[in-house]
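Q: Right, I'll just put the structure down here and ask away after.
The values are calculated or read from the model by the stated rules, or taken from the named source; none is laboratory data. Everything quoted here is computed from the prediction, not taken from an experiment. Backbone-built Cβ (ideal geometry, glycine too); neighbour counts: all protein chains shown.
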Amino acid sequence: MGKQSLHQLIEVKGYNNIKYLMLFTEPLNYSSGIIPKGFTQEEYYEKICRKINDKLVEAGLRTKIKIVGLTAAVPGMPNGLDGA
C-alpha cells in the first residue's frame with residue numbers, strides 16, 4: 001500500500017482505524033525476491049524498511065502509522081520495526 005493510498009484512506013476519507021503497516025512477516029528466514037549486488041539480504045531489508053519510513057514521514061503520515069513486521073525471531077533484529 002503506497003503513501004497515496006494511505007493518504008486517501010486516512011486524510012481524505014477520514015478512516016481512523018488504520019493504525020499499523022505490516023511490512024514483511026518473515027523476510028529473512030528464506031531467500032525471496034532479488035537482492036541487488038552489494039547488499040546482504042538483511043541490509044536490503046533494512047534499506048526497504050527505512051525507505052518506507054521516509055515516504056510516510058514525507059507524506060505527513062508517519063505519526064499516524066506504526067510500522068510492524070518481523071513476526072519470526074531473527075538473530076540481531078528486534079521483533080517489530082517501529083524504531084525505524
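Q: Take the residues in segment 7-26 that are part of a loop (DSSP other than H, G, I, E, B) and touching a residue at least 24 places away in the same chain (Cβ under 8 Å); name whichever of them is farthest from residue 58 (Cα to Cα).
A: Narrowing segment 7-26 to residues part of a loop (DSSP other than H, G, I, E, B): 13-19, 23-26.
From what's left, touching a residue at least 24 places away in the same chain (Cβ under 8 Å): 18-19, 23-26.
Numbers: 18: 18, 19: 17, 23: 18, 24: 21, 25: 25, 26: 27 Å.
Looking at residues that are part of a loop (DSSP other than H, G, I, E, B) and touching a residue at least 24 places away in the same chain (Cβ under 8 Å), I get 26.
Q: Further question on the same structure: I'd like the residue in segment 37-46 that is assigned to a loop (DSSP other than H, G, I, E, B) and either of a type in the set (Phe, Trp, Tyr) or modelled with pLDDT of 90 or more (or both) and, out of all such residues, is nearest to residue 68 (Cα to Cα). Break it down into steps so the answer makes sense when it comes.
A: Going residue by residue through segment 37-46, those that are assigned to a loop (DSSP other than H, G, I, E, B) are 37-40.
Next cut, either of a type in the set (Phe, Trp, Tyr) or modelled with pLDDT of 90 or more (or both) only: 37-39.
On the way: 37: 27, 38: 26, 39: 22 Å.
For segment 37-46, the residue satisfying everything is 39.
Q: I would also like to ask the following. Scanning segment 25-36 for residues that are farther than 29 Å from residue 15 by Cβ and surrounded by fewer than 17 Cβ atoms within 10 Å (Cβ to Cβ), which turns out modelled with the highest pLDDT? Steps first, please.
A: Residues of segment 25-36 farther than 29 Å from residue 15 by Cβ: 28-36.
Checking which are surrounded by fewer than 17 Cβ atoms within 10 Å (Cβ to Cβ) leaves us with 29-36.
Working: 29: 62, 30: 63, 31: 67, 32: 65, 33: 72, 34: 81, 35: 85, 36: 89.
So the residue we want is 36.
Q: Related question: Quick check on my filter: what residues within segment 47-73 are surrounded by 16 or more Cβ atoms within 10 Å (Cβ to Cβ) and either in a helix (DSSP H, G or I) or among the hydrophobic types (A, V, I, L, M, F, W, C) (or both)? I'd like the intermediate steps shown before the answer.
A: Of all residues in segment 47-73, those surrounded by 16 or more Cβ atoms within 10 Å (Cβ to Cβ) come to 49, 52-53, 56, 59, 61-62, 65, 67-70.
Listed by number, the residues that qualify are 49, 52, 53, 56, 59, 61, 62, 65, 67, 68, 70.
Q: Pairs needed: first member in segment 33-59, in contact (Cβ under 8 Å) with a residue 40 or more places away in the chain; second member anywhere, of a type in the set (Lys, Arg); C-beta distance under 6 Å; at least 6 residues apart or different chains.
A: Going by the 6 Å Cβ cut-off, the qualifying pairs are 55/3; 56/62; 59/3.
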